[in-house]
Structures are given as structure tokens and as C-alpha cells.
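Undergrad: I am attaching a structure below and will ask some questions about it afterwards.
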Amino acid sequence: MNAAIYGLVLAGGHSTRMKRDKATLAYHGRTQLAQSFALLQAVTERTFISVRTDQIDEATRRNFPQIVDHLAGVDDDTALAGPLAGILAAQHAHTNVAWWILACDLPFLDIAALNYLLAARNSTKLATAFTSAHDGLPEPLCTIFEARSAPALLSYATSGHYCPRKFLIKANEQGKITLISPYSARSLENINSSEEYLQAMNALNTQESHSTRCIKVQYFALLREQAGCSEETLLTDAQTPAALYLELAIRHPFTLPQEMLRVAVNATFGAWTQPLATNDTVVFIPPVAGG
């Protein structure tokens, strides 16, 4: 049985290049910290944010469950900082669980990408990670680290190494992690400067203005019971029935996997990958035994 997954949003950085706190930037109508926390909360059993000691009572962070960065057994208390400090602190605070580590500066990341990684999870390995769209190497800041990785990560740190990416590169060379291709070219694009922030805002505003659509969804049998209604109309960024079902499965406690269902758009059975348009009516049809 797979261990439970806890989530950790890395929010303890100094944002030196940005020259303002990246956690407070708002790309989606709320702080990026709140956005990242909500995404991770949707796919984990418990979610926390990683903070430095001096950030515990800071206004943006104080209302979230916190894990304070510390060295978790590393003797040199000046050497270890950054993401690895947060990861080790989380593993020290809650053992025997997997930790999904997520940077808070990934504004193009969405729930579909997280579900894509979750579906590929291999709990027999040390970690499951995306490869970078830029260089094909492991991307550590949206990675599921299994509980079994804790001794290896601590050993790595106590031997004087502090880069999570280099840890994953070495583990991959040894066949100890699972790597999957990026969900999209921009899903793991991080924003580090004011210029990149403005470019990201422009791209997201253009993307969202073209992607949001009004969709009617009808439910039958078990799905109707779990949704608590027979139909609803909603605004969504989902471009396909598959993406829409993933979104709805977070909102409602759906227990049926997509592969057990059929989908009809405007009263015609179709593919899960067909494009959706404004004012479409979508019906997810469960097996008869499911109702």
C-alpha cells in the first residue's frame, strides 16, 4: 500500500532576484502562496508551508499550517539553507509519509499537471519527478519524495551537499527515481525577476481570457449522488472532458476513475480529448452497476 502523501509549499526563500516576496505575488486573483497551497491541498492528505523562523508571524504566512526550516541533524548550522532545509524539516516533522514538495513560484502550474504526476507515482522508488522542459534533467521543485528517501537525503546533506536537483540526478543515474516528461512546456516555469513577472502576467491574462468557458454538466446515478445535484453550470478553464472531470473530481467526492465512465458532449458520445466550447453540455455516464 502506498504511504500517505503530505504536501509542502516552499515559501521560505529570500526572493533576492525578484526584490519582492514571490509568495505575495498575485497571478490568479490571490497570492501565489495561497494558489500553490490550494493546488497541493487538492492532491495531498495534509499540506503545510515551509518558512524561516523570522517568517512565522509574517502576514502572508501566519494563517497557514507551517513547518519551520531547520537543519534536522546537520552539524553545520550555517551551510544548509534553501529547499533542502525545508524538505529535511518536513521529513523530520512527519516520518513514514511521502512528501510532495512544491515551489511557490510556478504560476503556470495547474491541477491537471499535479494529477499527471500523481498518476505516475512509484512508491518503490526514492522519488517521482518531472524532467525539465529546458534541459531534460530532474526538476526537484514539484516532486514526490517517498518516505524511504529520508535517510538518503539526510546522508546527502551531512556529507556537505545541498542541491536537491543534484541529489535527483545522482539517484536517477542509479535507477532510484521515476522520471516523467513535463505535462506542458510552461507548467514548471518559475518566475524570478520583475521582467519575468510582467511577461507571465501578460501570458496568463491572454490565456485565461481565451480559455474560460461556460459549461453545463449533467450527472446520473452514483455521480449525481456524490455531486449532490443532477446538473450544474460552471465557468471552467478545462479544454477537454478529461480535464473537466479532473477539476470536478476535486470539487466533488467522485470515486469513479475516468476509465470507468463514458462522456457525451451535446448528446453525442465522444472522446475524452475532444475540445470543449462555451455553452456545451457535458454528461459523464457511469456504469449501471455504479448507481
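Values quoted throughout were computed directly from the atomic coordinates according to the rules given, and no laboratory measurement underlies them. No experiment lies behind these values; they were computed from the predicted model shown. Cβ atoms come from the backbone with ideal geometry, glycine included; neighbour counts cover every protein chain shown.
Undergrad: Using 1/(1 + (r/R0)^6) with R0 = 35 angstrom and r between the beta carbons of T212 and T158, what's the FRET efficiency to the nearest 0.05?
TA: On the way: r = 49 Å, r/R0 = 1.40.
For R0 = 35 Å, the calculated efficiency reads 0.10.
Undergrad: If you don't mind, another one. In nm, what is the difference between 0.36 nm times the number of residues separating Q274 and R17 and their Cα-Cα distance?
TA: Working: separation 257, 0.36 × 257 = 92.52 nm, distance 4.13 nm.
The Q274-R17 span can extend by a further 88.4 nm.
Undergrad: I'd like the FRET efficiency for R46 and R251, computed as 1/(1 + (r/R0)^6) with the beta carbon distance as r and R0 of 22 Å, rounded to 0.05. Before the final figure, lay out each step's value.
TA: Values: r = 20 Å, r/R0 = 0.89.
Working from the Cβ atoms, E equals 0.65.
Undergrad: Taking Cα pairs under 8 Å and at least six residues apart, what relative contact order does the stretch 212-290 come out at, in percent? Mind dumping the intermediate values first?
TA: Details: 136 pairs, mean separation 32.6, N = 79.
Taking the mean separation of contacting Cα pairs over the length of the stretch 212-290, I get 41 percent.
Undergrad: At q = 0.21 Å⁻¹, what log₁₀ I(q)/I(0) does the stretch 129-185 have when each alpha carbon counts as one equal point scatterer in the Debye sum?
TA: -0.78
Undergrad: Between V288 and H28, what is the label-to-label distance in nm when each label sits 7 Å out along the Cα-to-Cβ direction?
TA: For the pair V288/H28, the computed spacing is 4.0 nm.
Undergrad: Along the three principal axes, how long is the stretch 100-199 when you take its alpha carbons, biggest first, rounded to the nearest angstrom?
TA: Per principal axis, max minus min of the Cα coordinates gives 40, 31, 21 Å.
Undergrad: Average projected area of the Cα convex hull of the stretch 212-290, in nm²? Could the numbers behind the result be given before it?
TA: Values: hull surface 17.9 nm².
Computing the convex hull of the Cα atoms and averaging its projections yields 4.5 nm².
Undergrad: Also, I was wondering about something else. Using alpha carbons only, what's the Rg to Rh ratio of the stretch 92-145 with Rh from Kirkwood? Before the final figure, lay out the partial values.
TA: Values: Rg = 11.7 Å, Rh = 12.1 Å.
Radius of gyration over Kirkwood radius for the stretch 92-145 works out to 0.97.
Undergrad: Can you tell me the Rg and Dmax of the chain, counting just the alpha carbons, in angstroms?
TA: Every Cα atom of the chain included, Rg and Dmax give 20.3, 65 Å.
Undergrad: Give the relative contact order (percent, whole number) for the chain; include only Cα pairs under 8 Å separated by 6+ residues. Could the numbers behind the result be given before it?
TA: Values: 516 pairs, mean separation 45.3, N = 291.
With pairs under 8 Å counted, the relative contact order is 16 percent.
Undergrad: Restricting to bridges with both residues inside the chain, how much of the DSSP beta-bridge set is antiparallel, in percent to the nearest 5? Intermediate results must be reported in sequence, preceding the final value.
TA: Details: 22 of 44 bridges.
Roughly 50 percent of the beta bridges in the chain run antiparallel, per DSSP.
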